[in-house]
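Right, one structure below, let's go through it.
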Ligand SMILES: [Fe+2]
Ligand SMILES: [Fe+2]
């Protein structure tokens, strides 16, 4: 397993770190994933920790930035195994609270997790969580792609952690890359978004929410981050995308 981490933002008291894991021994079968750690005055907030396969490496990588007992929250954008399958391991090894859509709380027992007292369950409209001096906003992203799904906006770094929205499925991605040329990159977005995202109406609802935020970067769970002008180019692309139920005649 190969991990590299990259600091996306650091103002001295607040930091955002990206971890990217790729399994070099199973290049064809392992779906590369990004995890993100927000650090506020030494306290940690982990986003989409992923599967059992990367637990040990991610635990060690986080330990290089914070004391594990200071990991306060772990957020799951949705229920998928590449997002949440390691929840039982994190429950044993930390005191963190787990944040997820109310739709998925009971499903976590199938990943071997049962301590529901540690779950903060989000209703559909989301909440704002005060994290030190930072405000973390849970933005509805339902049906993009899971029926209960959230993105997370960090008010200090102005990074929107978008989960599978903006994900690029690439055969051998580098650990950290930002999109250079959106027109070239969109070929890596198209197939995934057409099939996994709910519909154009839902994409527009999310883009409307995103456009109300001051976004410096969009950071997805797979592939590359979008920065500066590529944020607007991606949002404009998503707004026009035909996907999911728009394309139902191709599937039935
Ligand atoms: Fe997913
Ligand atoms: Fe994913």
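The values are calculated or read from the model by the stated rules, or taken from the named source; none is laboratory data. Because the structure is a prediction, the values reported are computed rather than measured. Methodologically, a virtual Cβ is constructed for each residue, glycine included, from the backbone with ideal geometry; neighbour enumeration extends over all protein chains shown.
Table for the structure above
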{"quantity": "Selection count, the range 196-252, where residues are touching a strand residue (DSSP E or B) at 6+ places or on another chain (Cβ under 8 Å), more than 15 Å from residue 139 (Cα to Cα) and within 16 Å of ligand 1 (Cβ to nearest atom)", "calculated": "3"}
{"quantity": "Residue in the range 197-207 that is touching a helix residue (DSSP H, G or I) at 6+ places or on another chain (Cβ under 8 Å), over 29 Å from residue 51 (Cα atoms) and in a helix (DSSP H, G or I) present", "calculated": "yes"}
{"quantity": "Hits in the range 66-78 (condition: surrounded by fewer than 17 Cβ atoms within 10 Å (Cβ to Cβ) and over 20 Å from residue 120 (Cα atoms))", "calculated": "67"}
{"quantity": "Search result, residues across the range 217-252 that are part of a loop (DSSP other than H, G, I, E, B), more than 21 Å from residue 148 (Cα to Cα) and in contact (Cβ under 8 Å) with a residue 60 or more places away in the chain", "calculated": "223"}
{"quantity": "Where residue 127 falls short, out of the listed (1) surrounded by 15 or more Cβ atoms within 10 Å (Cβ to Cβ); (2) touching a strand residue (DSSP E or B) at 6+ places or on another chain (Cβ under 6 Å)", "calculated": "(1)"}
{"quantity": "Residue pairs meeting the criteria (Cβ under 7 Å; at least 6 apart or on separate chains; first closer than 13 Å to residue 161 by Cα, in the range 69-86; second within 10 Å of ligand 1 (Cβ to nearest atom) and not in a loop (DSSP other than H, G, I, E, B))", "calculated": "76/83; 76/84; 77/83; 77/163; 78/163"}
{"quantity": "Answer from 152, 160 - the residue that is away from ligand 1 (no atom under 16 Å from the Cβ), in contact with a strand residue (DSSP E or B) (Cβ under 7 Å, 6 or more places away or on another chain), under 20 Å from residue 76 (Cβ atoms) and modelled with pLDDT of 95 or more", "calculated": "160"}
{"quantity": "Hits in the range 70-85 (condition: more than 10 Å from ligand 1 (Cβ to nearest atom) and farther than 15 Å from residue 36 by Cβ)", "calculated": "70, 85"}
{"quantity": "Answer residue from the range 47-61, given it is in contact with a strand residue (DSSP E or B) (Cβ under 6 Å, 6 or more places away or on another chain) and more than 16 Å from ligand 2 (Cβ to nearest atom) and is nearest to residue 84 (Cα to Cα) among those", "calculated": "57"}
{"quantity": "Strands (runs of 3 or more DSSP E) within the range 98-170 that include 3 or more residues within 16 Å of ligand 2 (Cβ to nearest atom) and within 15 Å of residue 37 (Cα to Cα)", "calculated": "159-163"}
{"quantity": "Any hit, the range 174-181, residues being away from ligand 2 (no atom under 16 Å from the Cβ), in a strand (DSSP E or B) and buried (at least 18 other Cβ atoms within 10 Å of the Cβ)", "calculated": "no"}
{"quantity": "Residue satisfying all of: in the range 86-102; within 16 Å of ligand 1 (Cβ to nearest atom) and touching a strand residue (DSSP E or B) at 6+ places or on another chain (Cβ under 9 Å); farthest from residue 145 (Cα to Cα) among these", "calculated": "87"}
